[in-house]
Amino acid sequence: MRRRVIAPPARRGFTLVEVLIVVVILGVLAAIVIPTFANATQDTRKTAFVQELRVFRDAILRYEIDQGQLPPDGGSGSVPSGLEPYVNVDQWQGGTPIGGVWDNETADVLGAGMGVHFDGTGQTRDAAYMTDIDRIIDDGDTATGGFRVFGGDRYYTVLRE
């Protein structure tokens, strides 16, 4: 007579321990990856700010070529009168990628410049953050060169001194 062998019951899922191990591994991987993406986002914002600053600066210089003078000071966040055909008005009025609002200055301590005014709109950036941006644009020192700090809350690329 043959003996009948009984097979063990089929395993149909994972044990609680196996699931917990996978969750812990995923948590560790997320803890490693998320800060990397956060830094990439900050670098992207800095780069976008620099690019938009250059576009607006070039628009102001084009206005100067066409009109024979720089546009009047439009006030923080406002497009200067007459500059509308040269810039994307919504982009100008929507604020900068790093917080604050776009601003141009004429006949000020600066002479003439284009940049960001941290007027409480969006996030305000500290001097170290803006020094990083200055390294992309200029000499890494916001007190000198073509990108400077004025009044502690305004950072401009100098158009005329």
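The values are calculated or read from the model by the stated rules, or taken from the named source; none is laboratory data. Computed from a prediction, not measured in an experiment: that's the story for all the values here. Heads up, the Cβs are rebuilt from the backbone with ideal geometry, glycines too, and the neighbour counts pull from every protein chain shown.
Remarks
- Selection within the stretch 109-151 - in a strand (DSSP E or B) and touching a residue at least 40 places away in the same chain (Cβ under 8 Å): Gly111, Ala112, Gly113, Met114, Gly115, Val116, His117, Phe150
- Of all residues in the stretch 76-107, those being of a type outside the set (S, T, N, Q), touching a strand residue (DSSP E or B) at 6+ places or on another chain (Cβ under 8 Å) and outside any loop (DSSP other than H, G, I, E, B) number 5.
- Test: residue in the stretch 14-37 that is touching a helix residue (DSSP H, G or I) at 6+ places or on another chain (Cβ under 9 Å) and either surrounded by 11 or more Cβ atoms within 10 Å (Cβ to Cβ) or assigned to a helix (DSSP H, G or I) (or both): yes
- Subset of the stretch 68-90 (residues that are surrounded by 14 or more Cβ atoms within 10 Å (Cβ to Cβ), over 23 Å from Asp126 (Cα atoms) and either among the hydrophobic types (A, V, I, L, M, F, W, C) or under 19 Å from the mean Cα position of the chain (by Cα) (or both)): Leu70, Val79, Leu83, Val87, Asn88
- Residue match in the stretch 39-47 (condition: within 14 Å of the chain's Cα centre (by Cα), under 30 Å from Glu161 (Cβ atoms), of a type outside the set (Ser, Thr, Tyr) and modelled with pLDDT under 95): yes
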